[in-house]
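What follows is one structure encoded as structure tokens, with my remarks underneath.
The values are calculated or read from the model by the stated rules, or taken from the named source; none is laboratory data. Remember, it's a predicted structure, so these values are computed and weren't measured experimentally. No Cβ is skipped: glycine too gets one built from the backbone with ideal geometry, and neighbour counts run over all protein chains shown. All accessible areas refer to the heavy atoms of the entire protein, side chains included, with ligands and DNA or RNA removed. Shrake-Rupley method; radii C 1.70, N 1.55, O 1.52, S 1.80 Å.
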Amino acid sequence: PNQEMLEAYTALGYIAGKTSKIRLGTIVTGVSYRHPGLLVNQVTTLDVLSGGRAYFGIGAAWFEQEHLGLGVPFPPLKERFERLEETLQIAHQMFSGNEGPYEGKYYQLANPMLYPPAIQKPHPMIVVGGSGEQKTLKLVAKYADACNIFDGPDLPHKLEVLRGHCADVGRP
């Protein structure tokens, strides 16, 4: 908890202004730290201002001590995963230009507009962090372009599980 850690999107904006080639994004933004509409807008702003170099890293959040220390609510795990799925749905809707209302269990967006739109088409790469076989990898298969899985002896198995989930939803 005492490691130096700058706020991600402020730091990424600064880095975008100082560089011209590197990809910009978080490996994982905990779903509980930002409202989905604002988070998608932040990533899109980063994409526009960097000339199309942003990616959207998102996960269910895990660091309870940081949440409590900063006064951010830390919902139970089940709720965090439900919020993660809603956030991924909202991201896809906003990136597609669909401004129709979003009515979820946790989030309601009356008019999820995104102006200007992201430069990358169809959208900045979506990365879901985590390797849970029953929830996280299913969300990767359904909504993401990439995932953040730690290397280890179980990596081949995790990738095989992911391949199965992708086959189930008809995605590579």
**Complete:** One can check that the equivalent ellipsoid of the chain, built from the alpha-carbon gyration tensor with semi-axes equal to the square roots of five times its eigenvalues, has lengths in Å, largest first, of 23, 20, 19
**Fill in**
Rounded to one decimal in nm, the spacing of the 7 Å Cα→Cβ label points at LYS105 and SER20 is 4.8 nm
**Request:** Please list the equivalent ellipsoid semi-axes of region 23-69, computed as the square roots of five times the alpha-carbon gyration tensor eigenvalues, in descending order and whole angstrom.
**Result:** 23, 11, 8
**Request:** Place a label point 7 angstrom from the Cα of VAL169 along the Cα-to-Cβ direction, then list the residues of region 130-162 whose backbone nitrogen is under 12 Å away.
**Result:** 135-147, 162
**Prompt:** When we measure straight from the Cα of LYS142, which lysines land under 28 angstrom away, once same-chain ones fewer than 8 places off are left out?
**Reply:** LYS78, LYS105, LYS121, LYS158
**Asked** Can you give the % of DSSP beta bridges in the chain that are antiparallel, to the nearest 5?
**Response** 15 percent
**Prompt:** Quick one: length gained pulling GLN89 to LEU155 fully straight, 0.36 nm per residue minus the C-alpha distance?
**Reply:** 21.1 nm
**Item:** Alpha-carbon centroid distance for the pair region 1-19 / region 133-166, whole angstrom
**Value:** 28 Å
**Prompt:** Rounded to the nearest 0.05, what FRET efficiency is calculated for ILE119 and MET5 with R0 set to 35 Å and r the Cβ-Cβ distance?
**Reply:** 0.80
**Message:** Contact order normalised by length for the chain, with contacts defined as Cα pairs under 8 Å and 6 or more residues apart; what percent is it?
**Reply:** 20 percent
**Asked** Hey, any idea what % of region 50-112's accessible area is carbon plus sulfur with a 1.4 Å probe?
**Response** 55 percent
**Fill in**
With N residues in region 1-79, Rg(alpha-carbon) / (2.2 N^0.38 Å) equals 1.18
**Dipole magnitude of region 75-126 about its Cα centre (Cβ charges: Lys, Arg +1; Asp, Glu -1), debye to nearest 20** = 140 debye
**Request:** Can you work out the accessible area per residue across region 85-172, with the rest of the protein chains kept in place, probe 1.4 Å, in square angstrom?
**Result:** 56 Å²
